[in-house]
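The values are calculated or read from the model by the stated rules, or taken from the named source; none is laboratory data. Values in this document were obtained by computation on a predicted structure and should not be read as measured data. A quick note on method: Cβ atoms are made from the backbone with ideal geometry, for glycine too, and the neighbour counts reach across all protein chains shown. Only protein heavy atoms, including side chains, enter the accessible area calculation; ligands, DNA and RNA are left aside. Shrake-Rupley method; radii C 1.70, N 1.55, O 1.52, S 1.80 Å.
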Amino acid sequence: KATQRRNHTTKHTHRPRHTTPIASFLGGIMSSEMLISREELKKEKIPLEYRDFCAHLLPELNACRRATLFMPWKCKHERHVYELCQYKEYKKRVVAMEKLKAAES
């Protein structure tokens, strides 16, 4: 049975976007926005430590994990998309920190 992959880039475009305090603190260096509301995160029971800029990908990943009984070879696409998002956010933070250090000196 082939699993059907959904387009993760258009899934959450209808939701209101929320800017975060860190984006305003860095003065626009990082332009990340939350693509999922707090109410949706609460409804999906996403723990606080996972509520970052990639949290909009977790409901789909967790649903896939529950449907496949957390088999590690399943949900590869959803996990890859989530981990790629995490990596890109990490790279943004590194660049922002480098800019802050350069501005201090």
- Accessible area per residue, 1.4 Å probe, Å², for region 58-105: what's the number? 76
- Task: Please go through region 49-104 and write out the chymotrypsin sites (Phe, Trp or Tyr not before Pro) that DSSP classes as loop and that have at most 15 other C-beta atoms within 10 Å.
- Result: F70, W73
- In nm, what is the difference between 0.36 nm times the number of residues separating Y87 and A63 and their Cα-Cα distance? 6.5 nm
- Starting from the amide H of L35, placed 1.01 Å from N in the peptide plane, find each other amide H under 5 Å away whose residue is 5 or more places distant or on another chain. H56
- Message: Quick check: convex hull of the Cα atoms in region 35-104, volume per residue, rounded to a whole Å³?
- Response: 101
- Query: Loop-only check: which trypsin sites (Lys or Arg not before Pro) in region 34-81 are DSSP coil with at most 12 other Cβ within 10 angstrom?
  - Reply: K45
